[in-house]
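Structure first, then comments.
The values are calculated or read from the model by the stated rules, or taken from the named source; none is laboratory data. What you see is a predicted model; the values in this text were computed from it and never measured. Counting neighbours? That spans all protein chains shown, and the Cβs are built from the backbone with ideal geometry, glycine included. To get the accessible areas, we keep the full protein, side chains included, count just its heavy atoms, and leave off ligands, DNA and RNA. Shrake-Rupley method; radii C 1.70, N 1.55, O 1.52, S 1.80 Å.
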2 protein chains.
Amino acid sequence: MQTEAAIDVDHDTFLKDLIAEGLLIPSGTAGVYGTNSVFEKVRLAVDDAATSLADPREAERLRFPPVLPRRHLETSGYLRSFPHLLGSVFAFDGSERDAVEQEARASEHGDWSEFQRMTDLVLLPAACYPVYPAIAERGPLPPGGITVETGGACVFRSEPSEDPARLQSFHMHEHVRIGEPEAVKAWREQWSHRALAFLTDLRLEVFLQPASDPFFGRSGRMLASSQLQQELKLEIVTPISADEPTAIASLNYHQDHFATRFGLVTSEGEMAHTACVGFGEERIVLALLRTHGFDPATWPIEVRGRLWGEA
Amino acid sequence: MQTEAAIDVDHDTFLKDLIAEGLLIPSGTAGVYGTNSVFEKVRLAVDDAATSLADPREAERLRFPPVLPRRHLETSGYLRSFPHLLGSVFAFDGSERDAVEQEARASEHGDWSEFQRMTDLVLLPAACYPVYPAIAERGPLPPGGITVETGGACVFRSEPSEDPARLQSFHMHEHVRIGEPEAVKAWREQWSHRALAFLTDLRLEVFLQPASDPFFGRSGRMLASSQLQQELKLEIVTPISADEPTAIASLNYHQDHFATRFGLVTSEGEMAHTACVGFGEERIVLALLRTHGFDPATWPIEVRGRLWGEA
């Protein structure tokens, strides 16, 4: 059983312990794990808590499937910044004879990629992407803008890693604000306190810090440095399993990036700004397991109270 | 507002009404919809109810991500029966110059498929697929076999349709039995009653009937006819939005299909048999909306009681 004394384990040992305890079930592919009822119970409690951080009167709840029309992805500019992270959906396109040949190769674990063609869907890279085109479709924003609470599976991010806190398939919970620039900035400021308070209630050792996204290639380094300088991305980090603390929540101010691309305008006809705050559910669960031990029944009463209302 | 009188609408009208009411949010791609808080509240209640149909003492709860190692899919034989339904995950593989060219084409909504390569993951075609290799990994089954309760997102099934009850991305809840042939057959028989009782409690007009899977091609017709004859697949169907009633649950007896492929043996060293029962969550929600109207607050008290414990 993991105890607080184990906080200095490296990620190899942490992963082995998680597997030995049955909390993670290896699939044979790095960063892809099944989970047991204990892990899932904590994840659902984190999801519920992250949901109820937003007052239902202030946020509209929307859910989107984990596939995104390719056209929206193309419009979003994602491929400029993160071509290396995206998963695209391919499917069979061929004759009955092609299907036989495909199966023959697959049954020998050979290469059957030539029978697969790109579909008009890609895998959702972050929970907030479908929100922008869906809200833009309604026309100009109401006065004061709009807040959306959303979340779900991020099916695939192409970054195979042996670090259990860097999954290829995971769940995010997001809150999204679309409105006038000043209102959006104030909202992100308010949420940085709210998110810190939530994660501190879970007795995690957290720090808020400016951060940058993992932009692709050499030109990406300039984007990252400009993002840092302007403090467009803030992360809440905590020690989990890497040498550096891992981000378990992030607060992103997109300025007019999504608004311009999807045509989001305020009630006054000005270009809107957008921001989002995202919680990485599996990472929060791992941070809890790492900090408080592998048996949630023995976690500090305040933590259990915050997650399951136990007094 | 939809009322019971509307039960004879065709799927075009039903879809338009669902969208007008905000229950479904079009994405621009057929069979891919966002949902609002009303739809999601019902879906989560259906998920909870389907979960608790299994006694936690009799079933082990496991959750798996919506991606499956390609190798497991290849081993399962899925490509022989359903090559036309599978989605495979592709991702970028190239230089910085390739990334620039990919983005240039994508920004004009052109063809950028040549920069994408097959990864070692495919999209989970049904919630039970990861269960078989995960249980096989443990070695021979315990005496009496094992029961698993699982579920989650089925990210993609390649069947674009204008029928809202035929989604390309949806959620399934599954219960899986692995054990001695007689025990597995008896379990499926018991679950056919349990599933019918559950859906009848929801005041849906349901029928249990032998069915066949949508096998691919001409040879598929023989597979389908043999499956029907042996009653390997049972479906619980209800009128939703197509001319024919739609399956909202299915009970599948796989004989030794998965056991042979993944090496599942009983405690006595015999080849195991497997069966699963799956609930289509969005289809059940749509059947409820169609039968009882678009406002869950006005649904029959018995239905609300079954879903939310309202007395």
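Annotations
- Wholly enclosed strands (runs of 3 or more DSSP E) of the range A:84-178 bearing at least 3 residues farther than 30 Å from residue B:96 by Cα and in the same structural domain as residue A:67 (by TED's automatic domain parsing): A:146-154
- Qualifying residue in the range A:197-205 (condition: surrounded by 15 or more Cβ atoms within 10 Å (Cβ to Cβ) and assigned to a strand (DSSP E or B)): no
- Helices (runs of 4 or more DSSP H) wholly inside the range A:236-311 containing at least 2 residues that are farther than 27 Å from residue A:178 by Cα: A:281-292, A:301-308
- The residue that is farthest from the other protein chains (Cβ to nearest Cβ), counting only those in the range A:209-233 that are more than 16 Å from residue A:185 (Cβ to Cβ) and in contact with a strand residue (DSSP E or B) (Cβ under 8 Å, 6 or more places away or on another chain), is A:209.
- Screening B:74, B:58 for residues that are open to solvent by 10 Å² or more (accessible area, probe 1.4 Å) and part of a loop (DSSP other than H, G, I, E, B) leaves exactly one candidate, B:58.
- Of all residues in the range B:219-230, none that is over 24 Å from residue B:208 (Cβ atoms) and outside any helix (DSSP H, G or I) has its Cβ atom under 6 Å from the Cβ atom of a residue that is open to solvent by 60 Å² or more (accessible area, probe 1.4 Å) and among the small types (Gly, Ala, Ser), 6 or more apart or on another chain.
- Long-range neighbours under 8 Å by Cβ, at least six apart or interchain, first residue farther than 22 Å from residue B:279 by Cα and surrounded by 19 or more Cβ atoms within 10 Å (Cβ to Cβ) within the range B:130-153, second of a type in the set (D, E, K, R) and at pLDDT 95 or above: B:145/B:177; B:145/B:180
- Residue count for the range A:91-106, restricted to those that are of a type outside the set (Gly, Ala, Ser) and open to solvent by less than 10 Å² (accessible area, probe 1.4 Å): 1
- Some residue of the range B:21-43 being assigned by TED's automatic domain parsing to the domain that holds residue B:263, in a loop (DSSP other than H, G, I, E, B), open to solvent by 50 Å² or more (accessible area, probe 1.4 Å) and among the small types (Gly, Ala, Ser): yes
- Being over 20 Å from residue B:152 (Cβ atoms), touching an Asp or Glu at 6+ places or on another chain (Cβ under 7 Å) and modelled with pLDDT of 95 or more is a condition met by at least one residue of the range B:117-127.
- Yes/no for residue A:193 being surrounded by 15 or more Cβ atoms within 10 Å (Cβ to Cβ) and outside any loop (DSSP other than H, G, I, E, B): no
- Just one of the numbered conditions (1) at pLDDT 95 or above; (2) surrounded by fewer than 19 Cβ atoms within 10 Å (Cβ to Cβ) is not true of residue B:213: (1).
- Close pairs from the range A:20-46: first more than 7 Å from every other protein chain (Cβ to nearest Cβ) and without any contact (Cβ under 8 Å) to a residue 60 or more places away in the chain, partner buried (at least 23 other Cβ atoms within 10 Å of the Cβ) and not basic (Lys, Arg), Cβ under 8 Å, at least 6 apart: A:26/A:33
- Scanning the range B:269-280 for residues that are open to solvent by 60 Å² or more (accessible area, probe 1.4 Å) and in contact (Cβ under 8 Å) with a residue 24 or more places away in the chain gives a single hit, B:270.
- Residues of the range B:70-110 classified as under 13 Å from residue A:92 (Cβ atoms), at the interface with chain A (Cβ under 7 Å from one of its Cβ atoms) and of a type outside the set (A, V, I, L, M, F, W, C), total: 5
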